[in-house]
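The values are calculated or read from the model by the stated rules, or taken from the named source; none is laboratory data. In this text the structure is predicted, and so the values were computed from the model without any measurement. Here the Cβ is made from the backbone with ideal geometry for all residues, glycine too, and neighbour counts use every protein chain on show.
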Amino acid sequence: MGWSKVWVLAAGMAACAAAQAQSPKYGVGRTASADEIRAWDSLIGPEGKELPPGKGTAREGATIFAQRCAACHGATGTEGPNDRLVGGQGTLNTPRPVRTVGSYWPYATTVWDYINRAMPIDNPGSLTPDQVYAVTAFLLFKNGILQETTALDRESLPKVRMPNRDGFVPDPRPDWKNPAR
């Protein structure tokens with residue numbers, strides 16, 4: 001048998017071995033429904049076009065924060081045990097930056113989106129839009145960005161100017177969801 005035939009035979013055997021080495025199917029899980037995919041595939045951009053109806057103030061948010069957030073972030077958002085949410089202004093250019101909602105995040109809509117999707121940690125996505133607006137308002141108030149009585153909604157939230165808005169370098173890559181950008 002010539003080397004070319006041996007090479008073809010070896011390549012064929014390697015391909016068969018690779019096919020057999022694929023992970024077996026365990027019958028666990030299922031294909032996500034179109035509604036589930038749509039729910040996971042909805043980001044809130046800086047302009048806030050995707051925000052749902054609803055509204056909330058810091059006063060309303062204080063109660064929700066105490067009930068649903070304080071166990072992880074402390075009564076004032078500074079104690080922990082998890083991430084600190086309040087303070088840190090003026091620390092980003094120091095050897096020990098404190099990245100919080102008030103010092104680091106560039107857009108208030110991103111704060112809303114994160115709370116909406118990921119919080120509270122023990123039941124992510126369980127807050128209503130009104131509750132998310134209220135908790136967002138509370139955190140912005142505690143960071144000195146909003147007044148306690150300011151109501152946030154889909155119109156006012158994108159207009160909030162975050163202290164670190166200009167602290168990020170724009171991403172020059174094309175937006176794969178919006179190629180015209």
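Does Pro124 fit the bill of being in a loop (DSSP other than H, G, I, E, B), free of Cβ contacts under 8 Å to residues at least 60 places away in the same chain and touching a Cys at 6+ places or on another chain (Cβ under 9 Å)?
Numbers: in a loop (DSSP other than H, G, I, E, B): yes; free of Cβ contacts under 8 Å to residues at least 60 places away in the same chain: yes; touching a Cys at 6+ places or on another chain (Cβ under 9 Å): no.
Taking the combined requirement at face value, the residue does not satisfy it.
Within the range 85-96, can you find the residues that are out of contact with any Phe, Trp or Tyr (no Cβ under 8 Å at 6 or more places or on another chain) and either of a type in the set (Gly, Ala, Ser) or exposed (fewer than 14 other Cβ atoms within 10 Å of the Cβ) (or both)? First the steps, then the outcome.
So the first thing to find is which residues in the range 85-96 are out of contact with any Phe, Trp or Tyr (no Cβ under 8 Å at 6 or more places or on another chain), and the list is 85-87, 89-91, 93-96.
Within the range 85-96, Gly87, Gly90, Asn93, Thr94, Pro95, Arg96 qualify.
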Next item on the list: Take Thr150 and decide whether it is among the hydroxyl-bearing types (Ser, Thr, Tyr) and either under 20 Å from Leu43 (Cα atoms) or in a loop (DSSP other than H, G, I, E, B) (or both).
Entry: yes
Notebook entry, point to check: Are any residues in the range 40-78 touching a residue at least 12 places away in the same chain (Cβ under 8 Å), among the small types (Gly, Ala, Ser) and either under 22 Å from Glu155 (Cα atoms) or touching a strand residue (DSSP E or B) at 6+ places or on another chain (Cβ under 9 Å) (or both), and if so, which ones?
Noted result: Gly45, Gly48, Gly54, Gly56, Ala58, Gly61, Ala62
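For the range 20-58, which positions are of a type in the set (A, V, I, L, M, F, W, C), within 18 Å of Thr128 (Cα to Cα) and modelled with pLDDT of 75 or more? Walk me through it before giving the result.
Just the residues of the range 20-58 that are of a type in the set (A, V, I, L, M, F, W, C), to begin with: 21, 28, 32, 34, 37, 39-40, 43-44, 51, 58.
Right, trim to within 18 Å of Thr128 (Cα to Cα) and you get 39-40, 43-44, 51, 58.
Result: Leu43, Ile44, Leu51, Ala58.
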Note to self: Looking at Trp176 and the list (1) of a type in the set (Phe, Trp, Tyr); (2) over 17 Å from Glu47 (Cα atoms); (3) crowded, with 16+ Cβ neighbours inside 10 Å, which single condition is not satisfied?
What the structure shows: (3)
Checklist line | Matching residues in the range 28-86 - criterion: being assigned to a helix (DSSP H, G or I) and under 23 Å from Arg99 (Cα atoms) | finding: Ala58, Gly61, Ala62, Ile64, Phe65, Ala66, Arg68, Ala70, Ala71, Cys72, His73
Checklist line | Any pair with Cβ under 9 angstrom, 6 or more apart, that starts in the range 140-169 at a residue that is at positive phi and ends at one that is in a helix (DSSP H, G or I) | finding: none
Check: Filtering the range 58-103 down to residues that are among the basic types (Lys, Arg) and touching a Lys or Arg at 6+ places or on another chain (Cβ under 9 Å), which residue is nearest to Pro120 (Cα to Cα)?
Finding: Arg84
